[in-house]
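Report on the structure given below.
The values are calculated or read from the model by the stated rules, or taken from the named source; none is laboratory data. Values in this document were obtained by computation on a predicted structure and should not be read as measured data. Cβ coordinates were reconstructed from backbone atoms using ideal geometry, including for glycine residues, and neighbour counts include every protein chain displayed. When the accessible area is computed, the model is the full protein with side chains, heavy atoms only, and any ligands, DNA or RNA have been set aside. Shrake-Rupley method; radii C 1.70, N 1.55, O 1.52, S 1.80 Å.
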Amino acid sequence: MTRSRTGRRPRTLAVVAVAGGTLALLPVAGAFAGGGGPGGGDGQGSGDGGGHPRSVIFVNGDGMGAAHREAARLEQEGFDGQLAMDQLPIAGLQTTDARDPEDTVTDSASSASAWATGQKTYNGAISVDVDGNPLPTIGQQAEEAGLAGGIVTTAQVTDASPAAFFANSTDRAAQDDIARQYLEVSRPEVVLGGGEDWWLPAGDEGTHPPRAGDEEDPEVSRSTQGDLVAQAQEQGYEYVSTAEEFAAADADLLLGLFANEEMFQQRPEGEGDEFDPVVSLADMTTKALDVLSEDEDGFFLLVEEEAVDEMSHNNNATRMLESMRSFEAAVEVARAYVAEHPDTLLIVTGDHECGGLTIEDVDAEDESGPGGTLPQETAVEGETESGEDGPFLVAGTDGAYDFALDWTTTSHTGVPTVVTAEGPGSEELTGYYPNTHLHEVMTSVLFD
């Protein structure tokens, strides 16, 4: 049974206070009234001009550059195969540079803000301009226009990328306030991922206990905004925190938090690294689409695999490739949905590249330094953190072919990232363009 939420609740935004680097946003009437907002202010949601709803599924492999995609293709499909993300008919390249006073290379907050608002900003900013002023975001605008909204991520649901689509903050670290904004301002229908610590006050550890013996990062609850899980439940959200609860969930409003922080443990190889999410990214995507598709006006959904970035920061190629399998499975879910709902725009990309990754033949005399898992005859101890990982087998070759993954940094890089897409508006994503162009295309599909 479909439902229309048109006109169900006006929720425009205003800045009422600035304290501690955090923008205090509250819903007030009028900011997009009178035709000034998305959808022309007519209360009829999105459409193609004939009243037919359109939706957007935006799938972000955080930190995923071209080499990550190609390494995943070789490892999963082999020389003659293609990943689902690479089978999309439209391809382009986006530049990712920030507008930071000190740095050229972007972080996830700045890059996601460019997607969400169409404006470049500084690193650490959550959908505010370079002066710290809040900007309208796609997620907030979609909700205001009567569409549904959703977040699916293996990061904290309040981490930089999802936050940029549904919140505003001068500091990405204010994750408990970002959670508050989800409940009081933007109100996405589906929020699934990690980050329970930011929803519960100190002393209330909820479902997921602190990490015993981890003095550096014990992962304890830290909300300064009160018990936000209880607040969500009072507002009608069904709250789930285990795989069993998730499987049984059946609600129009769904909040699921399946880890204290990220749904994995990012570490170098053999130092406590784990990639075994309580609920898979593909299953969360499936559930989100089941809920959001009930809205007859359309929806905006962000899907993110965070571990690509975090494992690349740690130059952990084994776990990075595992996370790319998780990402690919979620893309397959999205593609299957689009096949049944052709008025949905699907975009698959990465917000920036992480690790300076490249693919090489396995060569014991390669010049790379220590730090990787692949032995190097010419390595000089202490010369560099980064090294080579491998060997990894090319799928379908019975072990006859392999490759090494060579890291050049533990940080982000400024290389362009690949964009692949299908659905309405996707033809505008061919070529070479700034990341803000994706905002133009998505808003055109949703609101024009």
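Calculate the tail of P(r) for region 69-157: the fraction of all Cα-Cα distances greater than 16 Å, expressed in %.
Numbers: 2632 of 3916 pairs.
Of the Cα pairs, 67 percent sit more than 16 Å apart.
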Discussion item. So if each residue of separation counts as 0.36 nm, and I subtract the Cα-Cα distance between Ala395 and Thr224, what length gain in nm does that give?
Written reply: 56.7 nm
Worksheet entry | Long-range HN-HN contacts of Gly256 with modeled amide H, under 5 Å | Val191, Leu192, Gly193, Val240
Practice prompt. Determine by what factor the alpha-carbon radius of gyration of region 265-354 differs from 2.2 N^0.38 Å, reporting the quotient.
Written response: 1.22
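Leaving out ligands, DNA and RNA, and with a 1.4 Å probe, what % of the accessible surface on region 58-120 is carbon or sulfur?
Ligands and nucleic acids excluded, carbon and sulfur reach 43 percent.
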Practice prompt. Between Asp402 and Ser444, with labels modelled 7 Å along Cα→Cβ, what's the label distance in nm to one decimal, could you check?
Written response: 4.8 nm
Practice prompt. Return the FRET efficiency for the residue pair Ala202, Thr436: r is the Cβ-Cβ distance, R0 is 41 Å, and the value is rounded to the nearest 0.05.
Written response: 0.60
Fill in: Packing-based ranking, highest mean first, of 182-190, 92-100, 110-118 given that Cβ atoms within 10 Å are counted
110-118, 182-190, 92-100
Worksheet item: Based on the mean of other beta carbon atoms within 10 Å per residue, what is the order of 249-255, 426-432, most packed first?
Response: 249-255, 426-432
Practice prompt. For region 118-249, evaluate the Debye formula with one uniform point scatterer on each Cα (no solvent term) and list log10 I(q)/I(0) at q = 0.10, 0.15, 0.20 Å⁻¹, rounded to two decimals.
Written response: -0.33, -0.73, -1.21
Worksheet item: Taking the Cα centre of region 164-260 as origin and charging only Cβ (+1 Lys, Arg; -1 Asp, Glu), how large is the dipole, in debye to the nearest 20?
Response: 320 debye
Response to the item:
If each K or R counts +1 and each D or E counts -1, the residues other than Ile138 whose Cβ falls under 14 Å of its Cβ total -3
Worksheet entry | Relative contact order of region 132-260, defined on C-alpha pairs under 8 angstrom at six or more residues apart (%) | 24 percent
Item to complete: Using Cα centres only, tell me the gap between region 394-422 and region 231-268 in whole Å.
Response: 32 Å
